[in-house]
Amino acid sequence: MSATTAPAGTTRGIPARQILRGAILIAILLLALLPLLNHLPADSAFRVSDFTVAVTGKWICYAVLALAIDLAWGYAGILSLGHGAFFALGGYAMGMHLMRLIGPRGVYGHPVLPDFMVFLGYRELPWYWLGFDHFPYAILMAMVVPGLLAFVVGYLSFRSRITGVYFSIITQAMTYALMLAFFRNDMGFGGNNGFTDFKQLLGVPLNTQGARAGLFYAALALLAGSLVLCRHIVGTKLGRVLVAVRDAESRVRFLGYSVTAFKLTVFVLSAVLAGLAGALYVPLVGIINPGEFAPGNSIEAVIWVAVGGRGTLIGALLGAFSVNALKTWLTSVAPDLWLFVLGGLFVAVTVFLPRGLIGLFRSAAK
Amino acid sequence: MSKPGLYMDGVSVVFDGFRALNNLSLIVDPGELRAIIGPNGAGKTTMMDVITGKTRPTAGTVRFGDADLTRMDEARIANLGIGRKFQKPTVFDALTVFENLELALKAPRDPWSCLRWALGGEARKRIETVMEEIGLSARAGDPAAILSHGQRQWLEIGMLLMQDPDLLLVDEPVAGMTDQETEHTAALLRRIAGTRSVVVVEHDLEFVRALNSRVTVLHEGTLLSEGSIDTVQNDPRVIEVYLGR
Amino acid sequence: MEKRAAGQPAARTIMTRILPLLLVLLFALPAAAQDAFLDALPGLAGGFGTQAEAVERLGAGGDARALPVLRALSDSTLRKNGSTVILPDGTDAATGRPADTAGAETVRINNRVRSALRGALGRLQLVSAHADERYAAADSVFRSRSADNVAPLEAAIARESVPRVKERQQLALAASRLVAADAAVKRQGIATLGEASSEDARALLLEARAANPDMTAEIDRAVASIDSRLTFKRAAETLFQGLSLGSVLLLAALGLAITFGVMGVINMAHGEFVMLGAYTTFVVQEACRGIPWLLPWSLPLSVPAAFLVAGLAGTALERGLIRHLYGRPLETLLMTFGVGMILQQAVRLAFGAQNREVLSPAWMQGILSLPGGINITQNRLWVIVFSLLVLGLTLAAIRLTRFGLEMRAVVQNRRTAATMGIRTGRVDALTFAFGSGLAGMAGVALSQIDNVSPNLGTGYIIDSFMVVVFGGVGSLIGTLVGAMGLGVLNKVIEPWAGAVLAKVAVLVIIMLFIQRRPRGLFALKGRAAEA
């Protein structure tokens, strides 16, 4: 069950690795071309539709979420079934900013309050909405809130040595509880309906080609940044301690490392990445609602990583893109089949393909 | 007294009414090599667990120098300079031999320092020396997962050496080793003991004899006898509970 | 969570029972009373003042024919054509023959008539032949609060034989006395109300307090006595609701306590096995429809059926997939989640996404009234009884049977058990089948109090795991205490925080609790727990 990691410092040149690295580079370059192709005239054979750009942008955000999950699960052995909560919290932070930017253009035309607040009879903004009219503050919150939640849940759990499936279930309960809470109208987050009808971001109207391209590149930049960051971390001694924690937690303790501190570090970092991914996801899809907290979403994201191959960063990316591509295609062709296929993926990848597509690729290359 | 010694007094551990340790007292002087023997269930492993912080004693005092070990967790105790080798060798399978040793090397242990850690020339030299000592130089780049059982034992001993502890707790180090390796291990432990305390738990009486040290016999969680291997072997109580039957 | 408005089917049955009775009465009525009824009737077609008077007279007459008329009046379904009063079914209220409805208009009433109606209807129903009807009548008289009710109530109490109805009538009498002119009668009323344990009585007294400054002391004493009883009643009802929720959790968690607690297999499809049990109940019920005498027993029949269906599904899952993943709990978790997804979707396609109705047999319906005004819905009581029964059977199976012995042996030391000739693979399969079967039985119980839909199980799975972890993995008694504890805790928090925040609060409390006792309430200690 131990996934092989590529330790830095070893100089075994595996051709398969280089092929993969090249493939990733080409894939990112191809992705970068998409918004440009969107600008081609409508009758061009190479024109990429608005829908494709938006959907691909969405997948890129999912890929960042997958990277975050892989960092915690694939490297440090922390299987969180609540990463969707961090993603959604990041999304809500951005959603709050976008709601503030609607300003008087809402249905009720209130200069400050979002429509749902006017509808619910709010007199003024709740205190926790203050500051969200500033973009940097919203981005900061998209990192701080998930990070803080991860810190609290992680600290309480890791300190009392809650590991393995117990931790998984606690995180699942966490996202479940948050979902219930966000469904409530009096939380001040729009209840059932969440936030939607966004108008603009950073002064650019959202429904333009330019805005879509901008968001797409922002997501791509986040993905590239996350990949570089994770790549760096797993190459350092910190990364090797994480792998050691995954494989023999108590032995790491007897070596004098505070396992709690290491797990907490990687879990919080992972939550922050997930939060950022969520923050970019919301303007791309134009809506955020409590459904994002559903436990099923988090576990689906875990399966992307498993399908791609956990414990390898490339695997996480591969999984996120391939499973979501399959989902987009299948839900339009045979929607009834999708849940069978997704459920089947869970079974297949755990029973028959524990190292995922990357494992398959590697053993084929050998 | 520059190096600390181990001091256990009246230590009891009770699991659900079962006394794994019963009023055990034991003193290991700085630099001493001590062998601990006893039949199964005598409390040897529990004693190690108490010293390394894995198990909290129900009653009693455990000190290492001035430090009260009963109040610390495993990591802090390890950082005090107490290293432990498990009965079943535990190394990090996914990491190479070199990386296993690098993780054990005495260095700041917090995440931030690990993130910024760069392997210096001196550290590399130390790792190479230890690899030489444990005979794994040729396997430096191999993941630990593919080592043989004996090689894993050696790797774990090597990790202990990297930790540079003041007290080594070694649980059945020669299980699965050839006679030659056993001899080598005994010599290694004797040599280490000059500069630091070593406590060895072992079943193999030949090996204990080769250690040429004071021997403590545990039985049902209490100290039964203590002295040289010959004294102990001739103690009628020891013969009754351990050797005689 | 509540399945359907409990009163609705009950009201329907009352109506079907009452109507034939009324018809019989219609033909057996004495001539004198007939006259009084016919005399008063045309007044209903007059002005509001005349109407109110007519209503009073109809109510005082005690004629059963007046009941449908007054009911129609109160529902605004009574029509008039000149001075003819027409019932909703188009018959002349006076003759019972079809009336001329051309140009008929609805009889409208004002508030004064409406309050007269309440009292009159109540008084009429006081003489009904059916206890539920009389109870409802006493209730409405209680609310109508008129000193005129004193005499009919006293007469009704003298005749009454059902204690529950009598108690209610006495309360209504007290309420009516409260507005009497005579101070002594009033005091009597206050004293009787003081022995009640209902919010209504309390509100009445507080109202009377403002109107009767000279009786403040007595009234305050009476209110205080009601309050102490109300507090007890509320506590008792909260406790019952908590135990009821707890028993549901217990049922859902018992199977998990076996598969997860004992075997260490984490089965996320457990909730779907519960769902399968609920659908089995539905299928058995539909199959029984063809055999009318069997229909009331379809629910008891479903219990073994659901155990079998879920147990077989469990065996298939364990033998087919889970056993390849022993020792890899995280993979097992993900895999079984996928299986749960497939099961859900399969049921959704087979039965449709909408809720399926599973009826409660008559013997499980209704409300049980305990002394002190504590009301308990019977189906929830049955669920509690059922859950304890299942727990008892489970304990017996584990402690007393050969299978239980082998199971415990395999759990404690697989290798030794194997060398003693126990076929560990078979024991694993049977244990898992047993735990899954328990989930199926939980589904039968849940079909009685929750919607039977494909995602029935998802709502319970997290709670069930919490119960097992909270109670202590591997301890069935811990599961019992955990389930009941969490159920009661939930219901205690609910009045302050609302249902959703109560759930959130309970989750937070569990997380904090695990800090103090990572191994749960009833933890296995010592060496066995370390392994």
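Where a number appears in this text, it was derived from the coordinates with a stated rule and is not lab data. Keep in mind the model is a prediction, meaning the values are calculated, not measured. Methodologically, a virtual Cβ is constructed for each residue, glycine included, from the backbone with ideal geometry; neighbour enumeration extends over all protein chains shown.
Dipole size of region C:73-216 about its Cα centre, with +1 on Lys/Arg Cβ and -1 on Asp/Glu Cβ: approximately 220 debye, rounded to the nearest 20.
The magnitude of the dipole of chain B, with charges of +1 and -1 set on the Cβ of Lys/Arg and Asp/Glu and taken from the Cα centre, is near 460 debye.
Inverting the pair-averaged 1/r between distinct Cα atoms of region B:130-245 gives 15.6 Å as its Kirkwood hydrodynamic radius. At the listed q of 0.15, 0.21 Å⁻¹, the Debye profile of region C:389-516, built from one uniform point per Cα, gives log10 I(q)/I(0) equal to -0.86, -1.28.
How much FRET efficiency would the formula 1/(1 + (r/R0)^6) give for C:Ala316 and C:Arg348, where r is the Cβ-Cβ distance and R0 is 22 Å, rounded to 0.05?
On the way: r = 20 Å, r/R0 = 0.90.
Computed FRET efficiency for C:Ala316 and C:Arg348: 0.65.
Distance from the Cα centre of region A:96-123 to that of region A:291-356, in angstrom? Using only Cα atoms to place each centre, the spacing works out to 37 Å. Listed values for region C:413-423 are Karplus-derived 3J(HN,Hα) couplings in whole Hz (6.51 cos²θ - 1.76 cosθ + 1.60, θ = phi - 60°), namely 7, 4, 5, 4, 4, 5, 5, 8, x, 7, 7, and x replaces Gly and Pro. Overall, the anisotropy analysis places chain C in the prolate class: the square-rooted eigenvalues a ≥ b ≥ c of its C-alpha gyration tensor yield a/c not less than 1.5, with a/b exceeding b/c. Starting from the Cα coordinates of region A:56-294, work out the convex hull volume and express it per residue in Å³. Per-residue hull volume (Cα only) is 113 Å³. The label-point distance for B:Asp142 and A:Asn193, in a model that sets each label 7 Å from Cα toward Cβ, rounds to 6.7 nm. Is the shape of region C:83-138 best called rounded, prolate or oblate, per the rule: a/c under 1.5 gives rounded, else a/b larger than b/c gives prolate, else oblate, with a ≥ b ≥ c the square roots of the Cα gyration tensor eigenvalues? It comes out oblate by the Cα gyration axes. Shown here is the pair-distance distribution of the protein assembly as shown: with all Cα-Cα distances grouped in 20 Å bins from zero up to the longest one, the shares run 10, 30, 31, 19, 8, 3, 0 percent. For chain A, a Gaussian network of Cα nodes joined below 10 Å ranks A:Ile24, A:Ile102, A:Ile170 by mean-square fluctuation, and the top entry is A:Ile24. Restricting the chymotrypsin sites (Phe, Trp or Tyr not before Pro) of region A:19-98 to loop positions (DSSP other than H, G, I, E, B) with no more than 16 neighbouring Cβ atoms within 10 Å leaves A:Phe46.
When the helices of chain A are scored as -39500 (n - 2.57) per DSSP H run of n ≥ 4 and the total is divided over every residue, the value at 222 nm lands at -23000 deg cm²/dmol.
Hey, how many Å between the Cα centroid of region A:192-268 and the Cα centroid of region A:42-77? Region A:192-268 and region A:42-77 have Cα centres spaced 14 Å from each other.
The GNM of chain A, with springs linking C-alpha atoms under 10 angstrom apart, assigns the highest mean-square fluctuation among A:Arg123, A:Arg159, A:Arg240 to A:Arg123. In summary, the aspartates and glutamates within cross-link reach of B:Lys3, defined as a Cα separation below 19 angstrom excluding same-chain residues under 8 places away, comprise B:Asp29, B:Glu32, B:Asp66, B:Asp68, B:Asp164, B:Asp166.
Computed over every Cα-Cα pair of region C:300-427 and binned at 10 Å starting from 0, the pair-distance distribution P(r) comes out as 9, 23, 30, 23, 12, 3, 0 percent. Under the simplified labelling scheme, the B:Lys88-C:Leu395 pair shows an inter-label distance of 3.5 nm, with each label point 7 Å from Cα along Cα→Cβ.
At a Förster distance of 51 Å, what's the computed FRET efficiency of C:Arg408 paired with C:Glu207, Cβ-Cβ distance as r, to 0.05?
0.20
Think of it as helices only: each DSSP H run of n ≥ 4 in chain B is worth -39500 (n - 2.57), and spread over all residues that comes to -10000 deg cm²/dmol at 222 nm.
Once you sort the root eigenvalues of the Cα gyration tensor of region A:266-366 as a ≥ b ≥ c, which label holds: rounded (a/c under 1.5), prolate (a/b larger than b/c) or oblate (the other case)?
oblate
Over all orientations, region A:96-217 has a Cα convex hull whose mean projected area works out to 9.4 square nanometres.
Here the Debye sum runs over all C-alpha atoms of region B:138-190 as equal scatterers in vacuum, and log10 of I(q)/I(0) at q = 0.13 Å⁻¹ comes out as -0.33. The fraction of Cα-Cα pairs per 5 angstrom bin, counted from 0 for region B:6-243, comes to 1, 6, 14, 17, 19, 16, 12, 8, 4, 1, 0, 0 percent, rounded to whole percents.
With the simple model of a label 7 Å out from the Cα in the direction of the Cβ, A:Leu33 to A:Arg184 spans 5.2 nm.
Near C:Val107, the amide H atoms lying under 5 Å from its own belong to C:Leu78, C:Arg79, C:Lys80; only residues 5 or more places off or on other chains count, and H is placed 1.01 Å from N.
The residue list B:Val11, B:Phe86, B:Gly120 was ranked by how far each Cα lies along the charge dipole of chain B toward its positive end, using unit charges on Cβ atoms, and B:Gly120 comes out on top. Averaging the sequence gap over all C-alpha pairs within less than 8 Å and six or more residues apart, then dividing by the number of residues, gives chain B a relative contact order of 28 percent. For region C:267-312, the C-alpha radius of gyration divided by 2.2 N^0.38 Å, with N the number of residues, is 1.21.
Using +1 on the beta carbon of Lys and Arg, -1 on that of Asp and Glu, and nothing else charged, what's the dipole of the protein assembly as shown about the Cα centre, debye to 20? Numbers along the way, then the final one.
Values: 104 positive and 86 negative charges, 164 e Å.
Result for the protein assembly as shown is approximately 780 debye, rounded to the nearest 20.
Given A:Pro114, A:Thr163, A:Asn185, which one lies farthest toward the positive end of the charge dipole of region A:56-204, if we put +1 on the Cβ of every Lys and Arg and -1 on the Cβ of every Asp and Glu? Result: A:Thr163, furthest along the dipole toward the positive end. Ratio of Rg to Rh for region C:324-388: 1.25 [Cα atoms; Kirkwood radius as inverse mean 1/r over pairs]. Sorted from longest to shortest, the spans of the Cα atoms of region B:1-61 along the three principal axes equal 40, 23, 18 Å. Computed on the Cα atoms alone, the convex hull of region A:288-329 gives a volume of 74 cubic angstrom per residue. Between A:Tyr137 and A:Val152, the contour length at 0.36 nm per residue exceeds the Cα-Cα span by 3.3 nm. Take the Cβ atoms of C:Asn355 and C:Gln378, set R0 to 22 Å, and the FRET efficiency comes out at 0.50.
Given the options A:Ala221, A:Ala271, A:Ala279, state which has the largest fluctuation in a GNM of chain A using a 10 Å cut-off (strictly under) for Cα springs. So, out of A:Ala221, A:Ala271, A:Ala279, the one fluctuating most is A:Ala221.
Seen from a random direction on average, the alpha-carbon convex hull of region C:236-457 projects onto 13.8 square nanometres. Ignoring aspartates and glutamates fewer than eight residues from C:Lys166 along the same chain, the ones with Cα atoms less than 18 angstrom from its Cα are C:Asp132, C:Glu133, C:Asp139, C:Glu154, C:Glu195, C:Asp200.
Taking the centroid of alpha carbons for each part, region C:241-265 and region C:367-400 are 15 Å apart. Projecting the Cα positions of A:Ala66, A:Ala142, A:Trp129 onto the charge dipole of region A:15-171 (unit charges on Cβ atoms of Lys, Arg, Asp and Glu, taken about the Cα centre) puts A:Ala66 furthest along the positive direction. For A:Lys263, go through the aspartates and glutamates and keep the ones whose alpha-carbon is under 14 Å away, minus same-chain ones fewer than eight residues off. Qualifying aspartates and glutamates at Cα under 14 Å: A:Asp70, A:Asp247, A:Glu249, B:Asp110.
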